[in-house]
1. Among M187, M136, which is the only one that is within 14 Å of A85 (Cα to Cα) and among the hydrophobic types (A, V, I, L, M, F, W, C)?
2. Keeping to region 139-165, report how many residues are in contact (Cβ under 8 Å) with a residue 60 or more places away in the chain and in a loop (DSSP other than H, G, I, E, B).
3. In region 232-263, what count of residues is obtained for those that are at pLDDT 90 or above, aliphatic (A, V, I, L, M) and assigned to a loop (DSSP other than H, G, I, E, B)?
4. Name every residue in region 85-103 that is over 13 Å from the mean Cα position of the chain (by Cα) and either among the hydrophobic types (A, V, I, L, M, F, W, C) or not in a helix (DSSP H, G or I) (or both), in order of residue number.
5. Out of all the residues in region 101-122, is one or more touching a residue at least 12 places away in the same chain (Cβ under 8 Å), touching a Pro at 6+ places or on another chain (Cβ under 7 Å) and buried (at least 22 other Cβ atoms within 10 Å of the Cβ)?
6. Filter region 48-92 for residues that are more than 11 Å from ligand 2 (Cβ to nearest atom) and among the aliphatic types (A, V, I, L, M); which is surrounded by the most Cβ atoms within 10 Å (Cβ to Cβ)?
7. Could you figure out which of (1) within 12 Å of ligand 1 (Cβ to nearest atom); (2) farther than 22 Å from P135 by Cα isn't true of R44?
8. In the list Y247, Y174, which residue meets the criterion of being hydroxyl-bearing (S, T, Y), away from ligand 2 (no atom under 12 Å from the Cβ) and within 27 Å of A48 (Cβ to Cβ)?
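The values are calculated or read from the model by the stated rules, or taken from the named source; none is laboratory data. The shown structure was predicted, so the numbers you read here are calculated from the model rather than taken from an experiment. Please note: Cβ atoms are built from the backbone with ideal geometry, for glycine as well, and neighbour counts cover all protein chains shown.
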Amino acid sequence: MSYTSLTHLKVSYRSRALFLLISLLALFTSNTSAAEIKDLKLERFELAQQLNPDINNGRKLYRLCITCHGPEGWGTKNGSYPQIAGQLHSVIIKQLGDISSKQRGNPIMEAFTSPRVLQSAQDVADLAAYIAQLPMTRNNGQGYFEDLSMGKQAYEENCSKCHGEQGEGQIEDYIPRIQGQHYNYLMRQFRWIRGGHRRNADKKMIQQVQHFSLREESAVMAYVASLQPAENDLAEAGWSNPDFPHYDRRWAPSSPRNKPLNQ
Ligand code: HEC
Ligand code: HEC
């Protein structure tokens, strides 16, 4: 290894350590009392849905999330970490609330939704708004189906009335945008929802997907992963988030256990 690449490596470790340190400090420095925390836990997420967001505060808070979801919010192509960029803000708030109250088991992320970190409904609203306006990747993880017509048909019969024709979701009903999401993440969530491991899952959706065979499941998810978000919502080729110029993008987080986390 040459001298220059060695120095680069050092800097990259340093910047990574710095971001982790910032996250940890935020977790442990707070002057909120235990009683206040209980109230905050219940209220923050419901209230957040109605507030006017401040994107600048959201940008600062997003530092807490980038070690896993990446500075662009694109997660990892292998689906261990979902793309959250461009997700509907009402959905982000709902999912953060569900993770915080353990309705959606996600122990590795739960601490980051605690009132010690997101201290107010305003923080939650600001962070969700920042993430929602991030442009989405053009390069999400795809499935293995070459002939997507079977997936398209299954999607139109079983999913589009809730998730929308192109998988764009619905803000008012907290239905996630699923277009352009990583295939492996979609497959995992679909299984957890169908099997009841994701406790916040939509009951009607659970019924709707019970009869799916493995082949149909991977066909429909390959189709969803192939659905392109609107051109305006996609990042330009080669774009990286200018809000985090010093983050070393060659580093990717290792994969967590891919088992239902709430069992
Ligand atoms: C330690 C790693 C880690 C950190 C830090 C982290 N997340 Fe996550 N997050 C995950 C994982 C893993 C999942 C997917 C879990 C699963 O498969 O159900 C996830 C899921 C999510 C989801 C649900 C996505 C969806 O499509 O339903 C949202 C929203 C989210 N994270 C937002 C955030 C925000 C905001 C922060 C910062 C406050 C954050 N995350 C910090 C690991 C992390
Ligand atoms: C009755 C409405 C409805 C139908 C039909 C439905 N869904 Fe859903 N789906 C939802 C809702 C609501 C959620 C979010 C649940 C929650 O809050 O956790 C969801 C969540 C998901 C998720 C997890 C998204 C994420 O970001 O974590 C995936 C993947 C998904 N649906 C795929 C599908 C597919 C594929 C179909 C058709 C085979 C389908 N859904 C049919 C309402 C529906």
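1. Just one listed residue meets the conditions, M136.
2. 9
3. Residues flagged as at pLDDT 90 or above, aliphatic (A, V, I, L, M) and assigned to a loop (DSSP other than H, G, I, E, B) within region 232-263 amount to 2.
4. Answer for region 85-103, where residues must be over 13 Å from the mean Cα position of the chain (by Cα) and either among the hydrophobic types (A, V, I, L, M, F, W, C) or not in a helix (DSSP H, G or I) (or both): S101, K102, Q103.
5. no
6. A48
7. With respect to (1) within 12 Å of ligand 1 (Cβ to nearest atom); (2) farther than 22 Å from P135 by Cα, R44 is out only on (1).
8. Selected residue: Y247, the only one of Y247, Y174 that is hydroxyl-bearing (S, T, Y), away from ligand 2 (no atom under 12 Å from the Cβ) and within 27 Å of A48 (Cβ to Cβ).
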